[in-house]
Amino acid sequence: MDTGPQAYGAGKVGGAFNVQNFVRKPQVFVRLLSLLFGLIVYFCVSSGSWTVDKNTGEEICMFNLKNFGCHIGGVVGFTSVIGAVVFVGGEYYFENVPSVKSRKHYVLLDLGFSSLWAFWNFLLFYYLSSSWSDTPEFPESISTANPTTAVYFTLFAIFSWAASAYFAYQRYQMGVDPAFVSSFEADQFGGYDEAQNNSSHESPFNKQISGEYQNQAY
């Protein structure tokens, strides 16, 4: 674990990558959970929550026999998967980003997206659970496992995305350690400037006096 100067919860660039340590990071772990929950919701809703209407012979969504529930569930679930994959990749590159501003923008994007998707999963859970409670009973020959599973894992997704938002907020609150800037960014960009400043601020009288002493030397 890096105990040195940090910027938004990560240390300097160039540390060795360890898969186990990476997966154990709270930000990565809850993101992988969101990925898993999103996959389950997507497949259970988009392909497992349809049945055939006896009157029309067409497929209809099992959530209160309205197709909107399956469509919106599939969209939220699929987008959750894509978002989780993108942010897992972002976590991989986060510690290799030298710019403090770029790290800050990533943390704010993480906070905003995670909060929004926790809210969307809450709305989806409310709609699916209320629609499922109003759905008439199906014959025993029709399995209702997929709609029930989708409702439960939508609830789990609320907490996983909310946890991601919480960890992003913690990172934002950490901010930048002043030692990080002085010891890292100054090393990259300040060394040359410091040398230039020292030479430009050197007193001309010092040069003159030094030259006089050199002329007087035998």
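Do we find a residue being of a type outside the set (Phe, Trp, Tyr), under 21 Å from the mean Cα position of the chain (by Cα), closer than 14 Å to ALA157 by Cα and in a helix (DSSP H, G or I) anywhere in the range 40-49? Yes, the range 40-49 has at least one match.
Conditions (1) in the same structural domain as PHE63 (by TED's automatic domain parsing); (2) farther than 22 Å from VAL85 by Cβ; (3) polar (S, T, N, Q), marked per residue:
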| position | (1), (2), (3) |
| --- | --- |
| TRP120 | yes, no, no |
| SER130 | yes, yes, yes |
| THR135 | yes, yes, yes |
| ILE142 | yes, yes, no |
| THR148 | yes, yes, yes |
| PHE153 | yes, no, no |
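Taking into account only those residues within the range 72-121 that are buried (at least 21 other Cβ atoms within 10 Å of the Cβ) and of a type in the set (S, T, N, Q), which is nearest to the chain's Cα centre (by Cα)? Step by step, filter the range 72-121, then rank; the result is SER114. Checking each residue in the range 144-175 for being touching a residue at least 12 places away in the same chain (Cβ under 8 Å), over 20 Å from LYS25 (Cβ atoms) and hydroxyl-bearing (Ser, Thr, Tyr) picks out THR144, THR148, THR149, THR154. Residue pairs whose Cβ atoms lie under 8 Å apart, separated by 6 or more positions or on different chains, with the first residue in the range 52-79 and at positive phi and the second exposed (fewer than 14 other Cβ atoms within 10 Å of the Cβ), are ASN64/ASP134; LEU65/ASP53; LEU65/PRO136. Taking the conditions (1) over 13 Å from the mean Cα position of the chain (by Cα); (2) assigned to a helix (DSSP H, G or I); (3) more than 14 Å from VAL30 (Cα to Cα) in turn, SER141 satisfies each one other than (2). In the range 31-46, the residues that are free of Cβ contacts under 8 Å to residues at least 40 places away in the same chain reach residues that are in a helix (DSSP H, G or I) and aromatic (Phe, Trp, Tyr) with C-beta atoms within less than 8 angstrom, at least six apart or across chains, in these pairs: TYR42/PHE78; SER46/PHE78. Can we say LYS54 is modelled with pLDDT under 80 and under 30 Å from SER141 (Cα atoms)? Criteria met by LYS54. Restricting the range 38-51 to residues that are surrounded by fewer than 18 Cβ atoms within 10 Å (Cβ to Cβ) and of a type in the set (S, T, N, Q) leaves a set whose member that is modelled with the highest pLDDT is THR51.
The values are calculated or read from the model by the stated rules, or taken from the named source; none is laboratory data. Predicted model only: the values in this text are computed from it and were never measured. Don't worry about glycine lacking a Cβ; one is built from the backbone with ideal geometry, like all the others, and counts go over all protein chains shown.
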